[in-house]
């Protein structure tokens, strides 16, 4: 253990490489989640954009997902979705239409990929990536210095 610690201190004396690798891993995981969500809503987003204006697109989204669509008997109203799913779709599609931030952790958009990221799993994966990077640097150091 002391030898391992010694080499870790040589290749990453201030812990910056470990920290950077950890953060980059987390970022990649959440970017992947965001990409999956955007892909899930891509077709609906294009449909919303096709309404001619931002205002018309927003009205269309409202008719699909809110009680107004139900009350007016809109043919666009998504009765096939649960209330929670309609709320999420309303938020996500509105954010996409207006250029805002989508919500990560969307269980509906992420269902096919295993669901939203679990913070404990994301942390474990990021720590593993950071340890692997440091181990790689140690191996390179040992090889370069003829230590085996």
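Of note:
- For the pair residue 58 and residue 147 in one chain, pulling the backbone fully straight at 0.36 nm per residue adds 25.6 nm over the alpha carbon distance.
- Length-normalised contact order of the chain in % [C-alpha pairs under 8 Å, at least 6 apart]: 35
- Plainly put, region 70-148 has a radius of gyration that is 1.36 times its Kirkwood radius, both from alpha-carbon atoms, as the Rg/Rh ratio.
- Taken along its principal axes, the alpha carbon cloud of region 2-144 reaches lengths of 72, 27, 20 Å, longest axis first.
- Cβ-derived FRET efficiency at R0 22 Å, residue 42 paired with residue 112, nearest 0.05: 0.95
- Highest-first arrangement of 72-82, 125-135, where packing means the average Cβ count within 10 Å: 125-135, 72-82
- Region 69-108 shape via C-alpha gyration tensor axes, a/c threshold 1.5: oblate
- Rg and Dmax over the alpha-carbon atoms of region 1-61 stand at 22.6, 67 Å.
- Rotationally averaged projected area of region 43-109 (alpha carbon convex hull; nm²): 4.4
Only the coordinates and a few stated rules stand behind these numbers; no lab work does. In this text the structure is predicted, and so the values were computed from the model without any measurement. Positions of Cβ are generated from backbone atoms using ideal geometry, with glycine treated the same way; all protein chains shown enter the neighbour counts.
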